[in-house]
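The values are calculated or read from the model by the stated rules, or taken from the named source; none is laboratory data. Keep in mind it's a predicted model, so treat the numbers as computed, not measured. Cβ placement follows ideal geometry from the backbone for every residue including glycine, while neighbour counts extend to all protein chains displayed.
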């Protein structure tokens with residue numbers, strides 16, 4: 001049994017290597033294979049803790065970006081998320097008694113990721129298998145069935161590899177089953193190259209991207225004077241405008257600032273209003289400003305605000321998927337009584353109601369705010385509302401130089417392929433980037449530096465199959481996994 005626990009531990013660590021910043025995508029199916037080998041032939045109760053061990057080995061390093069908030073938060077998050085893996089392990093031990101079990105386990109993996117994206121407290125879909133495949137042979141599957149299908153194909157490759165090892169290790173010589181399993185393991189990623197992709201439509205837009213940087217670090221990234229963050233982004237915009245006048249950069253059609261590029265409410269503060277307005281007038285095109293604005297006396301909204309050089313602030317998008325304990329406090333009275341850090345949230349945020357399709361200059365951009373890029377539905381309905389290209393405004397200042405910024409960039413890469421849209425990421429401290437519709441990072445910044453650029457991106461309107469059918473592939477895979485589990489449990493009871 002210790003050998004199985006060691007295999008699970010190794011599987012979790014190998015799986016971690018697939019995720020950015022290391023990004024060895026091929027470790028995804030290998031990690032799954034090791035985890036499946038650890039579970040094969042194991043009783044359900046033992047499988048639960050073996051699965052939990054593998055999950056912890058994977059999640060501790062993968063979610064280490066949480067540590068700036070506190071090691072206790074990191075431990076709690078990993079502890080809770082690992083429970084979903086334990087449940088997956090128990091279900092897997094039953095379906096592994098059926099024929100074609102690699103298929104059923106891969107479906108269960110999708111079900112596990114779906115559940116993690118729902119509960120607790122609105123879900124936490126980080127560290128899905130799909131998000132390790134920002135640019136790999138598996139990435140094209142996103143255009144057919146979104147992130148769930150990518151996770152499924154990676155998991156299926158892994159379970160097929162484990163089935164091959166089990167069969168050969170059991171003394172079975174080469175036969176049709178072995179040959180078919182090997183062929184399947186090889187064919188799954190190769191089929192990704194056959195996925196059709198929409199072509200270029202000829203229309204482009206020039207987008208200026210501003211990364212202003214921040215004065216502080218960690219939870220106190222604003223420093224002693226929040227106005228510094230706003231000044232940094234205004235100054236970079238003036239620098240971009242000067243570069244355009246000097247002929248060093250082409251004139252943009254629109255400009256994008258990051259989330260929280262001003263923590264001073266420009267509706268409420270004349271100082272903030274004038275600073276932003278001067279920068280926008282200097283560059284001479286609409287700017288999408290990331291602002292934290294007051295709502296009533298004690299609430300706030302995280303807003304993407306279109307600022308026109310002539311008419312000033314206009315249309316906006318309010319973030320809909322809020323970060324628990326970061327933008328609002330669940331079980332507020334209890335949490336505030338138990339934790340001093342919880343008071344750092346301050347004003348509680350209010351979630352927006354409508355998708356972020358904002359008319360800016362010659363295009364309608366699809367505004368997505370930071371945390372939302374991890375949630376399939378948040379991005380999908382933004383595309384359905386007409387957003388193209390997609391703009392991800394993000395503030396990773398508390399997590400600079402951790403593995404969060406590269407992990408989030410990989411999500412943008414997957415979304416680009418999933419929806420056939422160029423993606424612009426604007427971050428306060430990095431990584432700001434331009435991702436092409438085929439998932440390639442065409443330009444990116446460093447971290448903890450002020451930077452700016454103008455990039456020309458395609459404006460795509462053709463929809464992928466994934467965009468048209470939405471969550472249907474996910475539901476089909478979940479239903480298959482659930483049916484197989486019920487059938488396996490029923491069979492086990494009949495045989496007991």
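Here is a yes/no grid of residues against (1) farther than 17 Å from residue 460 by Cβ; (2) touching a helix residue (DSSP H, G or I) at 6+ places or on another chain (Cβ under 7 Å):
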site	(1), (2)
353	yes, no
368	no, yes
386	no, no
391	no, no
397	yes, no
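For the range 194-204, the condition holds for no residue, the condition being that it is buried (at least 20 other Cβ atoms within 10 Å of the Cβ) and in contact with a helix residue (DSSP H, G or I) (Cβ under 7 Å, 6 or more places away or on another chain).
Condition check: free of Cβ contacts under 8 Å to residues at least 60 places away in the same chain and within 23 Å of the chain's Cα centre (by Cα). Does residue 444 satisfy that? Considered against the rule, which asks whether it is free of Cβ contacts under 8 Å to residues at least 60 places away in the same chain and within 23 Å of the chain's Cα centre (by Cα), residue 444 comes out as yes.
Criterion first (at pLDDT below 85, under 32 Å from the mean Cα position of the chain (by Cα), under 25 Å from residue 27 (Cα atoms) and surrounded by 10 or more Cβ atoms within 10 Å (Cβ to Cβ)) does residue 180 satisfy it? Criteria not met by residue 180. Of all residues in the range 231-277, those satisfying the criterion of being within 15 Å of residue 312 (Cβ to Cβ), out of contact with any helix residue (DSSP H, G or I) (no Cβ under 8 Å at 6 or more places or on another chain) and in a helix (DSSP H, G or I) are 270, 273, 274, 277. Per the listing 382, 394, the residue uniquely closer than 25 Å to residue 65 by Cβ, surrounded by 24 or more Cβ atoms within 10 Å (Cβ to Cβ) and free of Cβ contacts under 8 Å to residues at least 60 places away in the same chain is 382.
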